[in-house]
Every structure is written in structure tokens, then in C-alpha cells.
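The values are calculated or read from the model by the stated rules, or taken from the named source; none is laboratory data. As the structure is a computational prediction, the values presented were derived from the model and not from experiment. Using ideal geometry, Cβ is built from the backbone for each residue, glycine included, and neighbour counts are taken over all protein chains shown. All accessible areas refer to the heavy atoms of the entire protein, side chains included, with ligands and DNA or RNA removed. Shrake-Rupley method; radii C 1.70, N 1.55, O 1.52, S 1.80 Å.
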Amino acid sequence: QVQLVESGGGLVQYGGSLRLSCAASGSSFSIYTMNWYRRAPGKQRELVATITQNGYKNYADSVKGRFTISRDNAKNTVYLEMNTLKPEDTAVYYCNAFITGVNYWGQGTQVTVSS
């Protein structure tokens, strides 16, 4: 069983920045591929960013150049640094790990970008 707890969401103005954190339980965090998803009102869930155990990163086209995913294995934490935020980034952001066939999700953290 893996538990994921997100933090760092909030209200920010257009062009602002936020950093989301996701703390994971378990002793094998360093081998997990970690993902950030988001769900905007009335839209489907979207994969925003991925980081593998080897540090390979991948991003949705909509956030490339603005968002950065990183991890600190010593702290069992994955981060999402979000810069130049736009109103269309408004969503609930979820941390995710897919481990041995099971999807684990955090509770989500709301990000609201005002224009």
C-alpha cells in the first residue's frame, strides 16, 4: 500500500508560480515512476508530467517550458514547479504512481489561476 499526499496548491495570478509537492509512503519510492495529472472543470483528466526512477522526464505539450517535475528520493517526495501560470492551468492536480498493476492517487490539490 502506497499513500500519496499532495500540498502546495492555491490561488495565483496570471503569470505567477506555484510549487506542488507529493509525499509518498513506502521504502521503494526511488524505483517508482511518478506522475502528475490534472482535471479541469468539465474536462478529462490530463497527464501533465512524468519522472522515472532514472530521472527521465516527460511533459504534456501544454506545459512544456513552463512546468518542471523533479524528485527527492531521500524525502520520498516528487515536485511540480509551475511557472508562467495561465487561467487554463486551473484544475485539481493529482499525484500518481502506477506500481505492479495498481494505480495510487493522492487526494488532489486545487490550483486556481486568476486572470
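Some points to look at:
- 1.4 Å probe accessible area per residue over the chain, in Å²: 53
- Selection of chymotrypsin sites (Phe, Trp or Tyr not before Pro), the range 9-63, meeting DSSP coil and at most 15 other Cβ within 10 Å: Tyr14, Tyr56
- Carbon/sulfur fraction of accessible area - the range 1-95, other protein chains in place, 1.4 Å, %: 45
- Cross-link partners of Lys86 among lysines, defined as those whose alpha carbon lies under 28 angstrom from its own and excluding same-chain residues fewer than eight positions apart: Lys43, Lys57, Lys64.
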